[in-house]
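In what follows, a structure is listed as structure tokens, so that the remarks can point back to it.
The values are calculated or read from the model by the stated rules, or taken from the named source; none is laboratory data. Predicted, not measured: the structure shown is a model, and the values here were computed from it. We place every Cβ from the backbone using ideal geometry, glycine too, and count neighbours over all the protein chains shown. Note: areas computed on protein heavy atoms with side chains; ligands, DNA, RNA excluded. Shrake-Rupley method; radii C 1.70, N 1.55, O 1.52, S 1.80 Å.
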Amino acid sequence: MRTQVGIVGAGPAGLLLSHLLHLRGIDSVVIETRSRDYVEKRVRAGVLEQGTVDTLVATGLGDRLLQEGLVHHGIELRFGGRPHRIAFDRLVPGRAITVYGQQEVVKDLIAARLAAGGQILFEVSDVVPQDISAAHPAISFTRRGERHRLDCDFIAGCDGFHGVCRQAIPDGVLTVFDREYPFGWLGVLADVPPSSPELIYAHSDRGFALHSMRSPSLSRFYLQVSPDEDVAKWPDERFWDELRARLETVPGWHLRAGPVLEKIMAPMRSFVAEPMRYGRLYLAGDAAHIVPPTGAKGLNLAAFDVGVLTEGLAAWYADGSTELLDGYSDTCLRRVWRVQHFSWWMTTLLHTFDDQDGYDRRLQQSHLEYVCSSEAAATSLAENYVGLAHV
Ligand code: RFL
Ligand code: PHB
């Protein structure tokens with residue numbers, strides 16, 4: 001088997017890369033360990049930055065997104081018994097976020113690739129990137145009991161944090177930056193209309209809580225819990241009680257509870273591997289970097305990476321120039337680190353930490369009040385949240 005770009009992983013990064021390359025006349029094959037059904041149902045991100053939406057719409061993926069996506073012009077920070085709106089429409093005019101589930105983006109991408117005759121091989125196993133520093137790398141894998149070899153010019157490692165591509169890079173090449181947080185998120189998808197029109201990031205003495213949504217009839221919630229929390233210890237009633245305690249702090253505001261469709265634990269981690277390239281292997285998305293979900297950035301960063309990679313590969317195939325490909329890692333890492341900082345900052349601002357003393361809590365309180373009372377500080381949050389245009 002042969003293609004121009006072998007893509008490992010059919011998450012948002014791998015699928016979007018395949019789609020963007022196709023539009024530039026470049027062939028790719030995507031290989032994925034999970035089934036199509038599994039990747040289309042995996043509930044994860046919900047918030048798309050303006051730039052991500054613009055890319056999807058400009059490349060023909062806007063039909064459902066523009067119809068079903070919920071455009072939000074602000075978010076609420078809730079603390080001290082009061083709501084504080086960060087108004088994107090006023091602070092960063094013309095820029096907004098769109099609430100549209102990651103699995104919907106994945107469904108749209110798979111449909112577009114298949115309609116264009118694209119190849120996505122699901123349910124493969126034992127994936128091994130080979131000869132990654134040579135001019136002719138390959139990916140070997142097992143499919144339906146048979147071993148295959150996919151020869152290619154480049155490999156895109158879009159196989160997420162636990163994938164094999166990053167591991168295939170020889171020891172000593174990568175510098176890894178890592179931070180684990182002393183908490184995780186317990187996430188619930190509920191069959192109930194949202195309780196507010198916008199997302200609510202709530203800070204309270206009991207810990208952080210997030211009110212989000214997927215559609216006018218589906219709500220998404222998260223609770224800060226200990227990192228090794230057992231989901232089984234959170235029957236629905238306990239979840240709703242705790243969510244109420246953290247969210248119903250504003251007089252007259254009530255949480256709507258409903259049937260729980262899914263309950264998951266999400267780890268909170270910051271991680272960057274540098275550089276994002278070794279030889280002919282290019283890492284993109286979660287394979288190269290992870291952010292805690294507080295800033296809603298992971299998918300958006302994955303989309304940015306593959307946009308940069310597409311430009312580099314298109315230039316190489318057009319006239320053999322390597323300049324953009326050589327700059328791939330540096331270009332991506334500038335945005336990666338901006339987003340690392342923003343995600344860490346939002347996480348630190350909004351969560352409670354066991355080792356906080358009274359002084360730390362007063363500082364956090366003051367910081368929250370500053371962000372919500374200073375135009376400059378609120379604008380900084382807003383421009384990072386909707387996605388910086390210039391990094
Ligand atoms: P993915 O989505 O993990 O996809 C990687 C794919 O590779 C496959 N794979 C392999 N395939 C072949 N061979 C192997 N050896 C393989 N090993 C793995 C996997 O099965 C998978 O299909 O990575 P990608 O494409 O880089 O996309 C990244 C995003 O999924 C991730 O950053 C976001 O979900 C993060 N995130 C959020 N991002 C946002 O932009 N906005 C949000 O609102 C947001 N909320 C979230 C989030 C992540 C969360 N969790 C569960 C970690 C909320 C949560 C709770
Ligand atoms: C979500 O809806 O899943 C979501 C929204 C905002 C975040 C993280 C997750 O910061």
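Mean separation of Cα pairs under 8 Å and 6+ residues apart, divided by the residue count of the range 218-295: what relative contact order is that in percent?
25 percent
Just going by the charge dipole of the range 285-367, with Lys and Arg at +1 and Asp and Glu at -1 on Cβ, which of V339, S366, G298 is farthest out on the positive end?
Going by the Cα projections, it comes out as S366.
Using the 2.2 N^0.38 Å rule of thumb for compact globular proteins, work out how the range 152-260 stacks up: its C-alpha Rg over that value, please.
For the range 152-260, the normalised Cα radius of gyration comes out at 1.45.
What does the extension gain come out to for M1 and E40, with contour length at 0.36 nm per residue minus their alpha carbon separation?
Computed gain between M1 and E40 is 11.4 nm.
Given bins 5 angstrom wide, list per bin the percent of all Cα-Cα distances in the range 1-86, short to long.
The calculated distribution, bin by bin, is 3, 11, 16, 18, 18, 13, 7, 6, 4, 2, 1, 0, 0.
Once phi is turned into ³J(HN,Hα) by the Karplus curve 6.51 cos²θ - 1.76 cosθ + 1.60 with θ = phi - 60°, what whole-Hz value does each residue of the range 32-49 show in order, with x for glycine and proline?
Using θ = phi - 60°, the values come out as 9, 6, 7, 7, 4, 4, 5, 5, 6, 9, 5, 7, 9, 5, x, 10, 9, 5 Hz.
With angles folded into 0 to 90 degrees, how steeply does helix 102-115 sit against the dominant principal axis of the chain? Use alpha carbons for both and round to 10.
Compared with the principal axis, the helix lies near 30 degrees.
Subtracting the Cα-Cα distance from 0.36 nm times the residue separation, let me have the gained length for L114 to R85 in nm, one decimal.
6.3 nm
Which of the peptides 47-58, 93-104 is most tightly packed, and how do the rest follow, judged by the mean count of other Cβ atoms within 10 Å per residue?
47-58, 93-104
Taking the Cα centre of the chain as the origin, how large is its charge dipole in debye, to the nearest 20, when only Lys and Arg (+1) and Asp and Glu (-1) carry charge on their Cβ atoms?
For the chain, the charge dipole is close to 480 debye.
Could you go through the range 9-17 in sequence order and give the Karplus-derived ³J(HN,Hα) for each residue, using 6.51 cos²θ - 1.76 cosθ + 1.60 with θ = phi - 60°, rounded to whole Hz, and x for Gly and Pro?
Along the range 9-17, the couplings run x, 10, x, x, 5, x, 5, 5, 4 Hz.
Relative contact order of the chain: what whole-number percent is it, with Cα pairs under 8 angstrom and at least 6 residues apart?
In percent, rounded to a whole number, it is 20.
T33: net charge of surrounding residues, Cβ under 10 Å, Lys/Arg +1, Asp/Glu -1, itself excluded?
-3
Considering only V164, W185, T142, whose Cα is most displaced toward the positive end of the charge dipole of the range 131-271, charges sitting on Cβ of Lys, Arg (+1) and Asp, Glu (-1)?
Projecting each Cα onto the dipole axis, the largest value belongs to T142.
Two decimals is fine: what's Rg over Rh for the chain, C-alpha atoms, Kirkwood radius as Rh?
0.98
For the range 296-391, I need the span (max minus min coordinate) of the C-alpha atoms along each principal axis, in Å, sorted largest to smallest.
Sorted from largest, the Cα extents of the range 296-391 read 61, 30, 18 Å.
Suppose all protein chains stay in the model; what accessible area per residue would a 1.4 Å probe give for the range 187-288, in Å²?
39 Å²
Taking 51 Å as R0, compute the FRET efficiency from the Cβ-Cβ separation of A318 and T379 and round it to 0.05.
The value I calculate is 0.80.
Subtract the Cα-Cα distance of D205 and F161 from 0.36 nm times their separation in residues, and report this length gain in nm to one decimal.
So the chain would gain 12.7 nm between D205 and F161.
Using the crude model of +1 on Lys and Arg Cβ and -1 on Asp and Glu Cβ, and no other charge, please compute the dipole size for the range 165-220 relative to its Cα centre, in debye to 20.
Computed charge dipole of the range 165-220: roughly 120 debye.
Farthest toward the dipole's positive end in the chain, which of Q130, A288, P235, given Cβ charges of +1 (Lys, Arg) and -1 (Asp, Glu) about the Cα centre?
Of Q130, A288, P235, it is P235.
Starting with the highest mean, order 28-37, 120-129, 225-234 by the number of other Cβ atoms within 10 Å, averaged over the residues of each peptide.
Top of the packing list down: 28-37, 120-129, 225-234.
Would you kindly work out the equivalent ellipsoid of the range 69-184 from its C-alpha gyration tensor and give its semi-axes, the square roots of five times the eigenvalues, largest first in whole Å?
For the range 69-184, the semi-axes come out at 40, 22, 14 Å.
About the Cα centre of the range 1-73, how large is the charge dipole given +1 on each Lys and Arg Cβ and -1 on each Asp and Glu Cβ? Please answer in debye to the nearest 20.
Here the range 1-73 has a charge dipole of around 260 debye.
For the range 170-185, just list the computed ³J(HN,Hα) in residue order, Karplus coefficients 6.51, -1.76 and 1.60, θ = phi - 60°, integers in Hz, with x standing in for Gly and Pro.
Karplus-based 3J(HN,Hα) across the range 170-185 equals x, 3, x, 7, 8, 9, 10, 10, 9, 9, 9, 9, x, 7, x, 10 Hz.
Assuming R0 = 35 Å, what is the FRET efficiency of S226 and D126, from their Cβ-Cβ distance, to the nearest 0.05?
With a Förster radius of 35 Å, E is 0.50.
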